[in-house]
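Shown next, in structure tokens, is the structure this report addresses.
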Amino acid sequence: MIELKQRSPGIPDTVDNKKCKLHKQNLNFYLSFPFKVSTRITITLKDRDMTYYLEEITRIKNNCYSNQGQLDTVIGTRHYINNNFDKELNLDMLAHIRFTSKFHLLRLFKKYYGQTPGQYLIDRRLNKSKELLSKGQSITKTCFDIGFECPGSFSTLFKSRFGLTPTEFQKKAIFTTSDRNCF
């Protein structure tokens, strides 16, 4: 059982170790930075409340994420996907880059992020496609720029994920943008 030293708004009094997955989601932002647990962050006296929160994050991280090697592997994999999502990526290549087996990488990534590297890659590509489409880029160019090989499969996946075809999304995004510029 993890107990917090002091009651703070938005943080529960106690946390069951089995419920660490909820905290993992909340800490994903902090865990995306490859800092060591022993790293001490210096904060001015004015921001001493933030010191408490950083200490709590570090303490919860130590309890929920005890293996720094595993963290380095999944964070490194996630950074590689973020930087190379437009290229052809597969599990074998990601495992080779991180010097681990593909099965171990798959288990670790799913454990820490709640989805497989392939699912994360698709999410990353689709989110980037929304950004490009709202800027007015053509659907075919967007499809190939983000790493899909076929506009048909891209459109089907986009519609299943967001409920709109890429064309509908683009029209809606451009219309919304032009409305904001009128006022």
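Nothing in this text is a laboratory measurement; each read-out follows from the coordinates by a stated rule. These figures come from a predicted structure and were not determined experimentally. Cβ: placed from backbone, ideal geometry, glycine included. Neighbour counts: every protein chain shown.
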- Query: Considering Ser155, Ser160, which residue is surrounded by 14 or more Cβ atoms within 10 Å (Cβ to Cβ) and either touching a strand residue (DSSP E or B) at 6+ places or on another chain (Cβ under 9 Å) or in a helix (DSSP H, G or I) (or both)?
  - Reply: Ser155
- Message: So, in region 72-123, how many residues would count as being closer than 22 Å to Phe169 by Cβ, buried (at least 18 other Cβ atoms within 10 Å of the Cβ) and either without any contact (Cβ under 8 Å) to a residue 24 or more places away in the chain or touching a Gly at 6+ places or on another chain (Cβ under 9 Å) (or both)?
- Response: 2
